Amino acid sequence: MVVSHIDSVKIIRNSAPYINAHRGKTFVLMFGGEAIEEANFANIIHDIALLNSLGVRLVLVHGARPQIDQRVILRNLPSRFHQGIRITDKQTLECVKDAAGSLRAQVEALLTMGLANSPMHGSHIRVCSGNLVVAMPIGVRDGVDFENTGLVRRIDVDGINDHLNDGSIVLLSPMGYSATGEIFNLSHEDVATKAAIALKADKLILFNYQDGIVNQDGKLLRNLELDALYAMLNEPFYASEKQSLQAIVSSLEAGISRCHTVSYRQDGALLQELFTRDGAGSLVSQALYEQLRQANIEDVGGILKLIKPLEETGILVKRSREHLEQEIEQFALIERDGMTIACAALYPYLEEKMGELACVATHNDYRGGNRGERLLDAIKIQAREQGLDFIFVLTTVTAHWFQEQGFVEISLDELPTKKKLLYNFQRKSKVFKLAV
């Protein structure tokens, strides 16, 4: 198809609002090892370079499954899986390192290309990678030791933002590193999802074989809402896409407003999706509603239902309905479609200018979406408004999470006198404090 100069001008003019809207925004782009082997991948890289030149902050997350499989076969190693997850022993880990390192070098080389006759001439793109993903082992499940297969524990948000602020593209591989110096094989879906959530990205964009999400009749579903994906996760037709769909679901649940899927085989699909009204793939948006607010007497039942499992396991101290009704004004909560999915309470000790953060709970289906951090921020604002200097928390299980939020461990002697008298020595809770 020949495009006239008038049509070209119209295309540029029509794309201007999208260029302005996307400038300065953070996008996480996720593509598997299959995409890298596709002939069109070089064009995708050129489009990524263009996004970078337009001021979009880009984090690229690549997979390596087919490349790992190739190396496992070449070395005559057994391919072991459990529940669809690769078991990574020491020999397989060498294949993972080899494949991921080779692909990272390949992507970096393509992003560095600046020949005069290439679309990237004069782009001068910097690509940064490194130990930006902290991992932990999956461990033993159903009696099966996954060895060096891991999960994302933490994303180095500050490190990534430093690179993005310098105008660099950040490239993350499907590997993570522990504080003890171990290397773990990760799924790129897990890395991309956790990176998007931690960075509070504006978009998560997935590259798939199909043009986007298609139904059983082969029709492209251009616009979807989150609730439609819940049903798809359990349909056999979407079994091969389950990890990608789950990445979208988790990202949207965590507050990312839009996720896109486009084909890695279609030239220009990424640009068409981002800079035209009709797009090229599927757009999945967050339609469900969440509200952070102060609790009232009508919320007692929802809070009791939320905290009951944690009380039964001893993570939280049991509270009666009467007790909760009397203290309901101390609670803040996050409500989603009429259901309480997270809560926390603040009990002030005005004489010591301290407040106790208590009953911090998140529904099991909604963890990992920064809701705890949102509640903590709300509690800190309340504490400052009440003239408090510090908040403290007693915990038996979640000490690491509070430390990651800036809490420091203190002795019992630093507790307010009234709280010190009520301390339960049988629970042996650790005490942490945070300046507000």
Determine the per residue accessible area of the stretch 148-213 with all protein chains present and a 1.4 angstrom probe, expressed in square angstrom. 36
Which lysines, on any chain, are close to residue 305 with Cα under 21 Å apart, when same-chain ones fewer than 8 places away are left out? 318
Specify which labelled value, from [x] 20, 38, 28, 12, 2, 0; [y] 22, 50, 25, 3, 0; [z] 21, 45, 25, 9, 0, agrees with P(r) over Cα pairs in 20 Å bins from 0, in percent derived from the coordinates of the model shown. [y]
What number, in percent, do you get for the relative contact order of the chain if the mean sequence gap of Cα pairs under 8 Å and at least 6 apart is divided by its residue count? 12
Taking the Cα centre of the stretch 247-353 as origin, work out the dipole magnitude from +1 charges on Lys and Arg Cβ and -1 charges on Asp and Glu Cβ, in debye rounded to 20. 340
Relative contact order computed over the stretch 319-359 (Cα-Cα under 8 Å; 6+ residues apart), in percent: 26
Using alpha carbons only, how many angstrom separate the centre of the stretch 177-203 from the centre of the stretch 245-276? 18
Antiparallel bridges, percent of DSSP beta bridges restricted to the stretch 138-293 (to nearest 5): 50
From the residues 397, 378, 354, which one has its Cα farthest along the dipole of the stretch 291-436 in the positive direction, the dipole being from +1 and -1 charges on Cβ of Lys/Arg and Asp/Glu about the Cα centre? 397
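Using the Cα centre as the reference, give the magnitude of the dipole from point charges on the C-beta atoms of the stretch 276-432 (Lys, Arg: +1; Asp, Glu: -1; all else neutral), rounded to the nearest 20 debye. Mind dumping the intermediate values first?
Details: 20 positive and 24 negative charges, 70 e Å.
Dipole size: approximately 340 debye.
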Kyte-Doolittle mean at least 0.0, axial Cα span of 20 Å or more - DSSP H helices of the chain: 90-112
Low-density loop GluC sites (Glu not before Pro), the stretch 339-388, at most 10 other Cβ within 10 Å, DSSP non-H/G/I/E/B, are none
Would you mind classifying the stretch 219-354 by shape? Square roots of the alpha carbon gyration tensor eigenvalues, ordered a ≥ b ≥ c; an a/c under 1.5 is rounded, otherwise it is prolate if a/b is larger than b/c and oblate if not. prolate
If you put +1 on each Lys and Arg Cβ and -1 on each Asp and Glu Cβ, how big is the dipole of the chain around its Cα centre, in Debye rounded to 20? 340
For the chain, which longest stretch is free of loop sites, where a loop site is one of the trypsin sites (Lys or Arg not before Pro) that DSSP puts outside H, G, I, E and B and that has at most 12 other Cβ atoms within 10 Å? 76-199
Charges on Cβ only, +1 for Lys and Arg, -1 for Asp and Glu, centred on the Cα centroid of the chain; of 326, 187, 263, which one is farthest towards the dipole's positive end? 187
Who wins for biggest fluctuation among 210, 426, 266 in a Gaussian network model of the chain, springs between alpha carbons below 10 Å? 426
Antiparallel DSSP beta bridges within the chain, percent to nearest 5: 60
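The values are calculated or read from the model by the stated rules, or taken from the named source; none is laboratory data. Source: prediction; values computed, not measured. FYI the Cβ positions are ideal-geometry reconstructions off the backbone, even for glycines, and counts take in every protein chain you see. Accessible surface is based on the protein model in full, side chains and every heavy atom, while ligands, DNA and RNA are left aside. Shrake-Rupley method; radii C 1.70, N 1.55, O 1.52, S 1.80 Å.
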